[in-house]
Amino acid sequence: MTGCNEYKLNQGPEDSISAVKFSPSTAQFLLVSSWDCTVRLYDVGGNTMRMKYQHTAPVLDCAFYDPTHSWSGGLDSQLKTHDLNTDQDAIVGTHDAPIRCVEYCPEVNVMVTGSWDRSVRLWDPRTPCNAGTFTQPDKVYTLSVAGDRLIVGTAGRRVLVWDLRNMGYVQQRRESSLKYQTRCIRAFPNKQGYVLSSIEGRVAVEYLDPSQEVQKKKYAFKCHRLKEEGIEHVYPVNAISFHSVHNTFATGGSDGFVNIWDPFNKKRLCQFHRYPTSIASLAFSNDGTMLAIASSYMHEKGDISHPEDAIFIRQVTDAETKPK
């Protein structure tokens with residue numbers, strides 16, 4: 001199943017995997033949140049689980065604040081911070097409904113959470129405490145940080161661009177250029193734009209600069225579609241992760257495939273082998289040498305028997321990730 005450049009992590013979560021996130025400083029450590037109500041820290045090189053901590057309900061997202069502190073939230077609506085050195089955690093605050101997204105913005109030094117309560121909340125990680133609540137037009141499904149800007153994707157195919165230094169008003173209100181529900185948004189490392197995926201096998205490459213000249217460059221394409229016995233099956237694109245060096249990106253779909261794309265030359269660089277089940281989350285390491293791949297059934301077809309949830313660590317090369 002796995003080649004010499006890829007292996008499965010030991011002691012994986014016992015239920016669906018919601019997010020995988022590498023440490024900001026090293027490819028050695030990976031945070032994983034799960035529907036089994038845990039957040040786990042893995043030593044990727046040693047293939048061991050370093051620690052895990054609990055929420056009272058499934059965890060939907062997690063993020064590193066710095067190499068020794070994780071933040072996480074989920075169906076218990078509580079935002080937790082955990083000290084990975086001392087194994088102590090604290091509840092920082094709550095939303096009025098489940099927390100769907102947790103991200104850190106290093107440029108403004110704030111943690112950002114997005115919730116099904118139709119709000120984004122900012123948190124000061126130093127105290128830690130709430131630093132403001134900002135109403136969104138609908139449930140928050142996904143968000144991403146681009147420098148000091150925040151891109152929020154909500155239900156109803158809405159996209160909002162906020163300035164994290166001045167949250168008094170929405171900088172841009174957009175509608176997704178894709179016809180179906182938004183699943184994932186990730187910002188380009190160069191901060192010029194973002195990639196948005198939908199539940200209907202499509203990805204859009206968008207730019208933040210509203211000028212006509214720049215907006216001409218945006219485009220969308222079909223992906224994660226399989227012809228089986230003459231019928232085309234269309235799958236959700238659940239996960240996006242950018243290569244921080246090359247500004248190329250990986251997508252993962254419910255078809256079990258991972259693709260790497262060159263957005264500048266508008267072409268696919270490679271496709272890996274098919275994984276046992278849906279790709280629920282993806283994360284490149286900060287140096288771009290590793291890709292964490294969560295192969296985890298997302299209940300697209302209800303409660304049926306399915307392959308075990310697993311995290312694969314793949315070593316990636318420039319041949320797979322660099323624009324040609």
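The values are calculated or read from the model by the stated rules, or taken from the named source; none is laboratory data. Note that the coordinates shown come from a computational prediction; the quantities given were computed from them, not determined experimentally. For neighbour counting, all protein chains shown are included, and Cβ atoms are generated from backbone atoms with ideal geometry for every residue, glycine included. With ligands, DNA and RNA removed, areas are computed over all heavy atoms of the protein, side chains included. Shrake-Rupley method; radii C 1.70, N 1.55, O 1.52, S 1.80 Å.
A search for C-beta distances below 9 Å between a residue of the stretch 213-225 that is without any contact (Cβ under 8 Å) to a residue 60 or more places away in the chain and any residue that is open to solvent by 100 Å² or more (accessible area, probe 1.4 Å) and part of a loop (DSSP other than H, G, I, E, B), counting only pairs 6+ apart in sequence or on different chains, returns V214/Q192; Y219/K266; F221/K266. Among residues that are in a strand (DSSP E or B), over 16 Å from the mean Cα position of the chain (by Cα), more than 24 Å from S198 (Cα to Cα) and of a type outside the set (A, V, I, L, M), T133 is included. On the stretch given as the stretch 126-144, residues that are closer than 23 Å to Y180 by Cα and either among the aliphatic types (A, V, I, L, M) or surrounded by 21 or more Cβ atoms within 10 Å (Cβ to Cβ) (or both) total 6. Please specify each residue of the stretch 82-109 satisfying the condition of being open to solvent by 20 Å² or more (accessible area, probe 1.4 Å) and part of a strand (DSSP E or B). Selection gives D83, Q88, D89, A90, I91, V92, T94, R100, E103, Y104. Please verify whether R157 is within 27 Å of G288 (Cα to Cα), open to solvent by 40 Å² or more (accessible area, probe 1.4 Å) and within 19 Å of the chain's Cα centre (by Cα), treating the condition exactly as stated. When the stated conditions are applied, R157 does not pass them.
Right, A27: of a type in the set (G, A, S), in contact with a Ser or Thr (Cβ under 6 Å, 6 or more places away or on another chain) and at negative phi or not?
Working: of a type in the set (G, A, S): yes; in contact with a Ser or Thr (Cβ under 6 Å, 6 or more places away or on another chain): yes; at negative phi: yes.
Criteria met by A27.
When the residues of the stretch 199-208 are filtered to those that are open to solvent by less than 10 Å² (accessible area, probe 1.4 Å) and part of a loop (DSSP other than H, G, I, E, B), the one that is farthest from D138 (Cα to Cα) is G201. For the stretch 110-130, the set of residues classified as outside any loop (DSSP other than H, G, I, E, B) and either modelled with pLDDT under 95 or more than 19 Å from L60 (Cα to Cα) (or both) consists of V110, D124, C129, N130, listed by residue number.
If you scan the stretch 289-304, which residues turn out to be at pLDDT 95 or above and in a loop (DSSP other than H, G, I, E, B)? Show your work before the answer.
Initially, the stretch 289-304 is screened for residues at pLDDT 95 or above, giving 289-295.
Of everything in the stretch 289-304, just one residue is at pLDDT 95 or above and in a loop (DSSP other than H, G, I, E, B), namely T289.
Taking into account only those residues within the stretch 165-198 that are open to solvent by 10 Å² or more (accessible area, probe 1.4 Å), part of a loop (DSSP other than H, G, I, E, B) and among the hydrophobic types (A, V, I, L, M, F, W, C), which is nearest to V237 (Cα to Cα)? Checking each candidate, the answer is V170.
Can you find, within the stretch 209-240, the residue that is surrounded by the fewest Cβ atoms within 10 Å (Cβ to Cβ) among those that are closer than 23 Å to D255 by Cα and of a type in the set (A, V, I, L, M)? Even if it seems obvious, please write down each step before you answer.
So in the stretch 209-240, the residues closer than 23 Å to D255 by Cα come out as 219-240.
Filter once more, so that each one left must be of a type in the set (A, V, I, L, M): 220, 226, 231, 234, 237, 239-240.
On the way: A220: 18, L226: 15, I231: 7, V234: 19, V237: 28, A239: 25, I240: 24.
Applying the filter and picking the extreme gives I231.
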